[in-house]
Amino acid sequence: MRIIGGKNRGTKLAEPGEAGGGAAHLRPTTDRTRESLFNLLAHGAMTLPSGAIPPNGARVLDLFAGTGALGFEALSRGAFLVHFVDDSGPSRALIRENAEKLRATGDTKIWKRSATSLGPWKGDQHDLVFLDPPYGMGLGERALASALTGGWIADGALVVWEERTGVPFTPPQGGTLLDARAYGEATIRIFRMSVPKT
């Protein structure tokens, strides 16, 4: 598992089962799928609320972060910062290891909490969200609802949601589907979120 593009291109990331990373339950997004996803973001006529081409300048929220591969790929390609959320100790250990390897500790923050009960957010809102929950358990819907209720997501943010191909899917309220692609057992959907003013 490596960073595919940007300033850290080619850097090998720590994976489940390596030192400090005994998170056998993890299912990292494959290098090929990540490459396709980031090519789609960069060349698919999608923009962040700021008008920038993602992930340039993005404030990224990586929910169910696992190894952090999606967030670190975004950071390598020009994201401003990444907030990783995972309630698993081994996952957070992997993210910390990868942040140190990439010299990205100043551009990242790791949150020890469940993605489905985030609580309120008081900082600058996130305009690019990665949502890669365990497949087929309905956790993505709960996590997105929690992030919206807590004020974590900016109006007009892009949400990248990975789920098992064939799992019944209901678009989130306020979400406009921009693209959907199947990559083997995974389907990735990209939404633009309309967030009500509170």
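The values are calculated or read from the model by the stated rules, or taken from the named source; none is laboratory data. As the structure is a prediction and not an experimental result, all values here were calculated from the model. Because the Cβ atoms are built from the backbone with ideal geometry, glycine has one as well, and the counts that use them run over all protein chains shown.
For Lys109, the conditions (1) surrounded by 15 or more Cβ atoms within 10 Å (Cβ to Cβ); (2) assigned to a strand (DSSP E or B) all hold with the exception of (1).
If the condition is being outside any helix (DSSP H, G or I) and touching a residue at least 60 places away in the same chain (Cβ under 8 Å), then the range 66-103 contributes Gly66, Thr67, Arg77, Gly78, Ser88, Leu102. Filter the range 104-116 for residues that are in contact (Cβ under 8 Å) with a residue 24 or more places away in the chain and among the hydroxyl-bearing types (Ser, Thr, Tyr); which is nearest to Ala69 (Cα to Cα)? Selected residue: Thr108.
Of the strands (runs of 3 or more DSSP E) lying entirely inside the range 115-198, the ones with 3 or more residues being out of contact with any Phe, Trp or Tyr (no Cβ under 9 Å at 6 or more places or on another chain) and under 18 Å from Thr29 (Cα atoms) are found at 175-183.
Take the conditions part of a loop (DSSP other than H, G, I, E, B) and either modelled with pLDDT under 95 or under 20 Å from Tyr135 (Cα atoms) (or both) and apply them to Thr29. Does it pass? For Thr29, the condition - part of a loop (DSSP other than H, G, I, E, B) and either modelled with pLDDT under 95 or under 20 Å from Tyr135 (Cα atoms) (or both) - is met.
Does the range 46-69 include one or more residues that are crowded, with 19+ Cβ neighbours inside 10 Å, more than 13 Å from the chain's Cα centre (by Cα), under 22 Å from Ser146 (Cα atoms) and among the hydrophobic types (A, V, I, L, M, F, W, C)? Checking the range 46-69: at least one residue is crowded, with 19+ Cβ neighbours inside 10 Å, more than 13 Å from the chain's Cα centre (by Cα), under 22 Å from Ser146 (Cα atoms) and among the hydrophobic types (A, V, I, L, M, F, W, C). If we scan the range 165-174, do we find a residue that is closer than 17 Å to Val60 by Cβ and under 17 Å from the mean Cα position of the chain (by Cα)? Checked against the condition, which is being closer than 17 Å to Val60 by Cβ and under 17 Å from the mean Cα position of the chain (by Cα), the range 165-174 yields no hits at all.
Against the test of being surrounded by fewer than 24 Cβ atoms within 10 Å (Cβ to Cβ), of a type outside the set (A, V, I, L, M, F, W, C), without any contact (Cβ under 8 Å) to a residue 60 or more places away in the chain and in contact with a Leu (Cβ under 6 Å, 6 or more places away or on another chain), the options Gly150, Gly119, Gly123 yield a single qualifying residue, Gly150.
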